[in-house]
1. For the subset of the stretch C:69-94 comprising residues that are surrounded by fewer than 17 Cβ atoms within 10 Å (Cβ to Cβ) and within 14 Å of chain B (Cβ to nearest Cβ), which member is modelled with the highest pLDDT?
2. Any residue at all in the stretch C:222-236 that's under 28 Å from C:Ala170 (Cα atoms), within 23 Å of the chain's Cα centre (by Cα) and in the same structural domain as C:Arg113 (by TED's automatic domain parsing)?
3. From the set of residues in the stretch A:13-39 that are among the aliphatic types (A, V, I, L, M), free of Cβ contacts under 8 Å to residues at least 40 places away in the same chain and surrounded by 16 or more Cβ atoms within 10 Å (Cβ to Cβ), which is farthest from the other protein chains (Cβ to nearest Cβ)?
4. Pick out, from the stretch B:92-172, the strands (runs of 3 or more DSSP E) lying fully within it that include 2 or more residues that are closer than 17 Å to B:Leu186 by Cβ.
5. Residues in the stretch C:232-241: is at least one in a strand (DSSP E or B) and more than 19 Å from C:Glu109 (Cα to Cα)?
6. Restricting attention to the stretch C:259-269, report how many residues are part of a helix (DSSP H, G or I) and surrounded by fewer than 18 Cβ atoms within 10 Å (Cβ to Cβ).
7. Being among the charged types (D, E, K, R), within 13 Å of another protein chain (Cβ to nearest Cβ) and either touching an Asp or Glu at 6+ places or on another chain (Cβ under 6 Å) or assigned to a helix (DSSP H, G or I) (or both) is the filter here; which residues of the stretch B:34-56 pass it?
8. Scan the stretch B:50-60 for residues that are at pLDDT 95 or above and crowded, with 20+ Cβ neighbours inside 10 Å and report the count.
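The values are calculated or read from the model by the stated rules, or taken from the named source; none is laboratory data. The structure displayed is predicted, hence computed values, not measured ones. Ideal geometry is used to build each Cβ from the backbone, glycine not excepted, and the neighbour counts take in all protein chains shown.
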Amino acid sequence: MTHDPARYGVDGSGTIVTRPLDGLTLIYHRPSGITHIADSPLPEILQALERAPGTAAEVLTRLSEGHEIGDDEDALEGLETHLATLVSLGLVRIAR
Amino acid sequence: MSARLLVNVLRRPETVAACGSTEWNGLVAAARAERLLATLAHRLERADVPRGVRAVMADAVIDAQREQRIALWEADRAREALHPLGIPVILLKGAAYVAAGLKAGEGRMIGDLDILVPRDRLEEAEALLLAEGWEWVKSDPYDSAYYRRWMHELPPLIHRERDRMIDVHHTILPLTARVTPDAPALIANSVEIAIGLRVLSPEDRVCHALAHMLADGDLTGGLRNLWDIRCLLADVRDNAALEKRALLHGLAPHLARARRLAEYLFADGNTPLTLPDRLYVRRLLSRDTWGRERHPITRFAFYIRSHLLRMPPGLLLRHLWTKWRKGHRPS
Amino acid sequence: MKHSFGVAIGPASFRIGSAWADPIRWLKTLYSDYPQPDDGVADFTVLLEPAGALRRWWRPSIGLGGDYRLPDAAPLALRHGLLAAEMGMNIQMALGWRRHLLIHASSVEKDGRALLLTGESGSGKSTLAAQLGERGWRFMGDEFALIDLESGSAWPFPRLVSLKNAAIRALRAEVTDPERFGPTLRETPKGDIAHLVPPRQAVSRMRDSATPALLLFPRFGFPDDLRPVPEGEVFIRLTQASTNYVALGEAAFEALHRLVTTVPAVAMDYRSGEEAIATIESLWAEQA
């Protein structure tokens, strides 16, 4: 069990191209050449991380600036699940 | 013969001035079949080339660039998956050439990701990859047992979602081969190119390419391999160091042969060849104007040789017998 | 290769080498109005070779080869040689074409605008396109629609139309010139097949593009139904219907997004070819 919370980041700007489609977001990831179709809040999380890397809690704060977020604890857990998904897809990296 | 034309053009691009449509069709077919089309495109960048050929070569360059991007991504994914090992991942072959920005990586089609790990960490590496979405390509227990006991790599793994293969090596030639390179020495001399990623030293890269081309296999794709060796040799500053390394890995005669073949085919063309060298040349230049491999007897001879290289005769017989009984035949 | 043939179809060109004369003879006849490859140099090579040492003469059997090949392809009988050549050209395009986004679709043009019909084998897209091509539309292709990566235009690729089973009868009723038909190939892996030469205008205008205006997803053999298809679904279905979307990377991503967001899409289930055509004509009139 690590003591410092994980820091997440994306690989610089310009790694992904996004286009809206039917209320969803198409994401083209340049390094892998893979196209993803994502629903909120994944695109918003990516945007928040593009500004700068951060822990899950920091990302949550950035997201609450623009959006209505629910109960804090649940929201953080939900966010961590989304971040794990993004990491497994290769769209987000854990800083080492 | 188109293969002959191909090496002539690679050696001296201005040769294409004399090409008519028949020659061009044959040249493109041979280059494509030998996976040298994108390399040919780079060589002919400034030459006078018919528009139709320009377009075909441009497509090949697009493909090579895409392959390179994918290879680098697969290397990244492997590095992430193997991070808990605590040791850097050593890239081999095409992915290494591209990741290290080498001339040998230019215009290269890549295929599988090849990496090298120490033999005592092999099982851990396997477990980590399986946990991160890779799975076995074949599940045949005889093949699998054979692989683990005698081969220089794990049985092939493929990523479930990305559909790309990874070959995890612990040395660079099968354990049953006559030549036994020094795997710990390869690892010790490796060079870091990015965080968590290494490649073999310039001398060891040549040695690996030599082992792959001349101490293993039946020379399928040999022209591409020889071109790689030619590019890698140009990167080596210290020839004495290279000779020493080749000696260490048992590859000194292979180095000498590769040098002669590369000079004969890609350099001045006047290098004196031994009689066996001439058979190699015949095998390497087997493509006709339709991109097919000719010289069936020479090819068969190299096929037999490839099995003898890998195994002492007793083991070979037992292996072939087992496969025969299972309904396999050598293709 | 003893026998060979070269042809340019739309923006692509092929050279076909064959160990036997017959397939080449048919190709030369049916493609007689088509141009030769530019400068004599072909984009792709297709090879029809004996599928085994003896198979050149004894129960002749064609192994399909070329620049690109399918790994486990079953050999074809010599009498299906024309089919082998057409399949060979399909494989080269599907695996090797990089200059446009390729979608498995047939296409026809009217007034500079293109109708794209996309769907599975058996959806009826080839037959509908062939019929529309005989009724005032310009036939652009029945296998692949080529979408320009920069402009989004659709480019023609008017190969011989591959007609299966009942479609052969339907087109023989509409096309009076018997010279436009290749031999009827019986008992192929997909049933009876005959090849139809596209109308003269389709061939002479093979270098004229059109702006896609309607995407149709036809489905033959179901109760009549017409419904719009949402963009998300269209995008996913077209990535599945494209053989080179992945190979083309970002350019394909942008081109497909543009296509899907600018061209309306409709799914049409039908039982009768005639009614389908009437529906298409009225949809098209609404578009104008």
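1. The qualifying residue modelled with the highest pLDDT is C:Arg69.
2. The answer is no; no qualifying residue exists.
3. Initially, the stretch A:13-39 is screened for residues among the aliphatic types (A, V, I, L, M), giving A:16-17, A:21, A:24, A:26-27, A:34, A:37-38.
Subsequent filtering for residues that are free of Cβ contacts under 8 Å to residues at least 40 places away in the same chain retains A:17, A:21, A:24, A:26, A:37-38.
Filter again for surrounded by 16 or more Cβ atoms within 10 Å (Cβ to Cβ), leaving A:21, A:24, A:26, A:38.
Details: A:Leu21: 5, A:Leu24: 6, A:Leu26: 6, A:Ala38: 12 Å.
Among residues in the stretch A:13-39 that are among the aliphatic types (A, V, I, L, M), free of Cβ contacts under 8 Å to residues at least 40 places away in the same chain and surrounded by 16 or more Cβ atoms within 10 Å (Cβ to Cβ), the one farthest from the other protein chains (Cβ to nearest Cβ) is A:Ala38.
4. Details: elements: B:113-116, B:134-136, B:157-159, B:165-169.
The qualifying strands (runs of 3 or more DSSP E) are B:113-116, B:165-169.
5. Restricting attention to the stretch C:232-241, the residues satisfying the condition of being in a strand (DSSP E or B) are none.
There is no residue in the stretch C:232-241 that is in a strand (DSSP E or B) and more than 19 Å from C:Glu109 (Cα to Cα).
6. Matching residues across the stretch C:259-269 total 2.
7. Initially, the stretch B:34-56 is screened for residues among the charged types (D, E, K, R), giving B:34-35, B:43, B:45-46, B:48, B:51, B:54.
If we keep only those that are within 13 Å of another protein chain (Cβ to nearest Cβ) as well, we get B:34-35, B:48, B:51, B:54.
Selection gives B:Arg51, B:Arg54.
8. Counting residues in the stretch B:50-60 that are at pLDDT 95 or above and crowded, with 20+ Cβ neighbours inside 10 Å gives 4.
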